[in-house]
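Visitor: For reference, the structure I am asking about is given below.
The values are calculated or read from the model by the stated rules, or taken from the named source; none is laboratory data. The structure presented is a predicted model; accordingly, all values stated were derived computationally and were not measured. Quick reminder, even Gly has a Cβ in these numbers, built from the backbone with ideal geometry, and neighbours come from all protein chains shown.
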């Protein structure tokens with residue numbers, strides 16, 4: 001399609017003069033031989049910027065058309081693990097040649113950036129329902145209730161563990177959306193095991209577990225570290241203890257030990273490390 005010839009400055013100024021004289025856009029167009037839509041555009045520019053001169057362009061034109069931008073946004077929305085190379089190839093097949101850097105810049109302008117996929121526990125439907133039930137039951141709990149909880153957990157730190165990563169395109173604060181995560185299951189391995197706890201007042205004890213963790217070892221850890229942590233944290237009377245549903249925690253012997261010590265235990269849904277951060 002041939003490029004439309006630009007109107008001279010004199011013609012643009014005449015359009016404004018005739019408009020100020022009370023002529024309609026149609027009448028001005030007929031008198032000057034200019035399309036009505038062009039007349040209207042020039043009048044709107046004059047009303048907005050008080051000039052008919054060409055306005056400065058804001059940088060170089062985009063290499064990817066609006067349609068191309070929509071296409072790559074749609075692609076990464078369906079599959080956040082799409083690589084920049086994949087998107088370069090998609091656009092090339094559509095007739096647009098760009099670099100990977102252009103892809104990154106374009107998606108960044110759309111609020112998307114490349115991030116490492118977050119590893120999260122594999123959630124089954126029963127876990128999702130339990131999480132939702134827990135959240136609804138505690139939705140209106142006052143802040144003071146949570147300040148009276150000691151949170152605990154143990155973790156294995158792999159010195160030479162899983163270092164492979166997966167990149168995803170996501171928006172800010174969307175790291176835990178299922179599309180942006182890598183489901184994991186609990187496996188053995190790891191070189192250092194730690195147990196720790198904290199409350200709203202700060203951290204409690206953090207200890208290294210040097211032997212294989214089992215129910216008896218777990219109860220010994222609680223016996224030596226839970227009450228001292230509560231005293232250090234200056235917990236109020238009736239404080240509540242939280243731990244997850246690891247078999248060592250839910251074993252009959254552990255439950256009985258906690259009952260005899262008169263510890264209040266917060267009921268906790270399975271597969272929920274995302275609900276708090278201890279280690």
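Visitor: For segment 170-222, name all the residues that are assigned to a strand (DSSP E or B), within 16 Å of residue 247 (Cβ to Cβ) and either outside the structural domain of residue 128 (by TED's automatic domain parsing) or at pLDDT below 90 (or both).
Guide: The one that is assigned to a strand (DSSP E or B), within 16 Å of residue 247 (Cβ to Cβ) and either outside the structural domain of residue 128 (by TED's automatic domain parsing) or at pLDDT below 90 (or both): 193.
Visitor: For segment 95-113, what are the residues that are exposed (fewer than 13 other Cβ atoms within 10 Å of the Cβ) and either in the same structural domain as residue 245 (by TED's automatic domain parsing) or out of contact with any helix residue (DSSP H, G or I) (no Cβ under 6 Å at 6 or more places or on another chain) (or both)?
Guide: Across segment 95-113, the qualifying residues are 95, 97, 99, 101, 108, 109, 111.
Visitor: Moving on. Out of all the residues in segment 55-71, which are modelled with pLDDT under 85 and out of contact with any helix residue (DSSP H, G or I) (no Cβ under 9 Å at 6 or more places or on another chain)?
Guide: Within segment 55-71, 56, 57, 58, 59, 60, 61 meet the criteria.
Visitor: Still on this structure, please answer the following. In segment 80-115, what count of residues is obtained for those that are in contact (Cβ under 8 Å) with a residue 40 or more places away in the chain and either closer than 21 Å to residue 166 by Cβ or more than 24 Å from the chain's Cα centre (by Cα) (or both)?
Guide: Looking only at that region, the number is 11.
Visitor: Among the listed residues 153, 140, identify the single one that is out of contact with any strand residue (DSSP E or B) (no Cβ under 6 Å at 6 or more places or on another chain), in a strand (DSSP E or B) and either within 30 Å of residue 238 (Cα to Cα) or at pLDDT 75 or above (or both).
Guide: The match here is 153.
Visitor: If you don't mind, there's one more thing I want to ask. Exactly one of (1) within 14 Å of residue 169 (Cβ to Cβ); (2) modelled with pLDDT of 90 or more; (3) exposed (fewer than 14 other Cβ atoms within 10 Å of the Cβ) is unmet by residue 116. Its number?
Guide: Of everything listed in (1) within 14 Å of residue 169 (Cβ to Cβ); (2) modelled with pLDDT of 90 or more; (3) exposed (fewer than 14 other Cβ atoms within 10 Å of the Cβ), residue 116 misses just condition (2).
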